[in-house]
Amino acid sequence: MLLVKNLSFAYKEKKVLHNINFTLEPGEQLSVIGESGSGKSTLLKTVYGLLQPATGTIFWKGKKLLGPDYNLVPGEDFIKYQAQDYDLMAPLTVAENVGKFLSNFYPRKKQQRIAELLELVGMSDFAQRRPDELSGGQQQRVALARVLAREPELLLLDEPFSNIDNFKKSALRRELFKYLKQQGIASIVATHENADSLSFSDHTLVMKNGKIVHRGHPSILYQKPKTKYVARLFGEVNQLPLSWFEEDKKGLVLVYPHELIPDADGHIIAIVSDSYFEGHSYLNKARVGRRNIFFRSEKGIPNEFAVNLRLKNGVLETRLNE
Ligand SMILES: Nc1ncnc2c1ncn2[C@@H]1O[C@H](COP(=O)(O)OP(=O)(O)OP(=O)(O)O)[C@@H](O)[C@H]1O
């Protein structure tokens with residue numbers, strides 16, 4: 001088990017991580033989400049051993065991990081870390097890059113392992129190419145194969161799919177996280193992209209200004225976000241007066257755009273200002289009084305068109321039950 005206890009870190013006098021606590025079991029998948037600059041990368045670098053914590057301790061399976069002040073070569077053998085840059089070796093082929101840290105003692109086994117990993121990341125056809133002949137997304141996939149080569153027990157990935165196009169990304173995500181589960185590899189993925197978090201994580205940490213502001217299973221974070229900041233990480237969200245839905249109620253409620261339904265009987269009247277095509281539906285920006293809101297519709301809606309909206313059944317019960 002990974003145990004991170006009261007971890008804090010500062011770049012010179014700028015404190016970037018504040019009292020971070022979490023645990024992670026072998027094979028578990030943890031995602032760390034939060035706005036740019038919230039401290040996700042710094043957390044990964046500190047856990048990996050590139051940065052020396054100001055306070056706190058990190059244990060893996062009961063063994064205390066020492067930071068760079070105590071290790072000549074930063075990083076532990078059983079942890080692999082994929083940073084946002086890929087650091088592939090230019091003179092080596094893709095296959096040589098992936099196999100660089102594999103033993104040459106059993107050459108056939110080594111070649112099999114390289115082939116298996118290149119297949120996993122969809123790069124088999126590029127085995128003999130050199131990194132400078134690859135696109136950014138292809139380099140990112142090779143880098144992923146390389147960090148998996150020596151079967152780490154704990155894998156730390158910083159924005160692992162950021163350069164990979166949508167065609168490849170969904171399949172790669174599914175294959176990679178299935179592989180990690182099968183192999184019992186624990187992973188921490190720092191990401192902006194909610195799909196990394198929603199579909200594949202056992203737990204999610206939400207970071208803001210170097211602190212964990214919320215944690216839990218992604219479905220709970222999505223359905224019962226404690227703050228607009230948390231809900232906003234999953235896409236557009238409205239913060240609306242409760243009195244719109246229940247007379248005399250004070251306070252605000254978070255409502256996702258798909259939870260506001262166009263309905264002739266709806267008593268919220270919205271004037272559409274923009275309608276954006278998003279494949280499965282349209283995302284509409286509209287005014288209700290002086291407030292801007294977002295709602296979804298199956299069809300595009302002309303500007304300045306008035307639409308009656310109602311709240312999807314059950315939303316208030318879900319959001320307000322604490
Ligand atoms: N080498 C550094 N020296 C000083 N400050 C730094 C350094 N690296 C990061 N920071 C600061 O630390 C804070 C956290 O940065 P970090 O890169 O961990 O955030 P992040 O959540 O990973 O952001 P992003 O999503 O943009 O990658 C930011 O305010 C950043 O400006």
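Laboratory data are not the source of any read-out in this text; all were calculated from the coordinates shown. All values reported here derive from a predicted model rather than from experimental measurement. For neighbour counting, all protein chains shown are included, and Cβ atoms are generated from backbone atoms with ideal geometry for every residue, glycine included.
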Expected sort for 273-283, 232-242 on mean C-beta neighbours within 10 Å, highest first, is 232-242, 273-283
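Please give the calculated 222 nm ellipticity per residue for the chain, where each DSSP H segment of at least 4 residues contributes -39500 (n - 2.57) and the sum is spread over every residue; nearest 500 deg cm²/dmol?
-7500 deg cm²/dmol
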Candidate cut points under chymotrypsin sites (Phe, Trp or Tyr not before Pro) in segment 50-106, DSSP loop plus at most 12 other Cβ atoms within 10 Å of their own Cβ, are Tyr70, Phe101, Phe105
With Rg from the Cα atoms and Rh as the Kirkwood inverse mean 1/r over Cα pairs, the chain has an Rg/Rh of 1.05
Using alpha carbon centers only, segment 253-320 is separated from segment 140-197 by a whole-angstrom value of 35 Å
When the chain is treated as a Gaussian network with springs between alpha carbons less than 10 Å apart, the largest mean-square fluctuation among Gln52, Gln82, Gln182 is found at Gln182
In the structure shown, of Lys61/Lys224; Lys249/Lys285; Lys40/Lys178; Lys12/Lys80; Lys61/Lys110; Lys15/Lys61, the pairs separated by more than 31 angstrom at the C-alpha atoms are Lys61/Lys224
Measuring from its Cα centre, the chain shows a charge dipole (+1 at each Lys and Arg Cβ, -1 at each Asp and Glu Cβ) which, in debye to the nearest 20, is 680 debye
Among Leu180, Asn238, Phe305, the residue whose Cα sits farthest towards the positive end of the charge dipole of the chain (+1 at Cβ of Lys and Arg, -1 at Cβ of Asp and Glu, taken about the Cα centre) is Leu180
Expected max-MSF residue from Arg173, Arg291, Arg215 in the GNM of the chain (alpha carbon, under 10 Å) is Arg291
Taking placed amide H atoms and a strict 5 Å upper bound, the residues 5 or more places from Arg310 or on another chain that come that close are Ile261, Asp263
